[in-house]
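So the structure is just underneath, and the comments pick up after that.
The values are calculated or read from the model by the stated rules, or taken from the named source; none is laboratory data. Treat the numbers as computed from the prediction; the structure is a model and nothing was measured. Cβ placement follows ideal geometry from the backbone for every residue including glycine, while neighbour counts extend to all protein chains displayed. Side chains are part of the model used for accessible areas, which takes the heavy atoms of the whole protein and leaves out ligands, DNA and RNA. Shrake-Rupley method; radii C 1.70, N 1.55, O 1.52, S 1.80 Å.
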Amino acid sequence: RIGYNESYRATVPDYLLTFPSPFAASVRPKEKATVHGVVFSGIPRADFFRLWISEGGSSFYQLQAVETVPYGTDKKLRAITFTEKQPLNLGVFGIEPRIDYPPARDYIEYIRRGAREQQLEQ
């Protein structure tokens with residue numbers, strides 16, 4: 001269990017939910033896309049570190065600052081999220097470096113259940 005002071009439902013404009021593996025989700029920049037989620041603030045350092053390690057740490061993710069818009073406001077608040085680690089730039093060789101996988105059925109249901117519990121709009 002991770003401790004936190006407060007949470008709020010929000011969107012992350014110009015980002016897209018992606019699946020770098022069937023059992024991992026991430027977000028990446030994409031114009032006119034929107035990700036819905038929950039922002040948790042005031043996570044104690046020890047809890048944040050445990051979360052970081054449980055998600056694979058720097059082997060799979062990097063920390064990314066994003067602008068969030070809390071539901072029902074036009075306010076923009078910065079938050080930190082885990083994004084997939086950037087692969088080598090294979091584009092110079094004409095190779096698409098990112099592969100999106102379909103999420104595993106259990107994993108997508110886990111995400112949907114959390115979205116319902118948090119009453120996210122999408």
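Summary table
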read-out	value
Given 13 as the ceiling on other Cβ atoms within 10 Å, longest exposed-site-free region of the chain for GluC sites (Glu not before Pro) in DSSP loops	56-120
Size of the chain as Cα extents on the principal axes (Å, biggest first)	46, 33, 29
Degrees, to the nearest 10: 45-54 long Cα axis against longest axis of the chain	40 degrees
Carbon/sulfur fraction of accessible area - the chain, other protein chains in place, 1.4 Å, %	53 percent
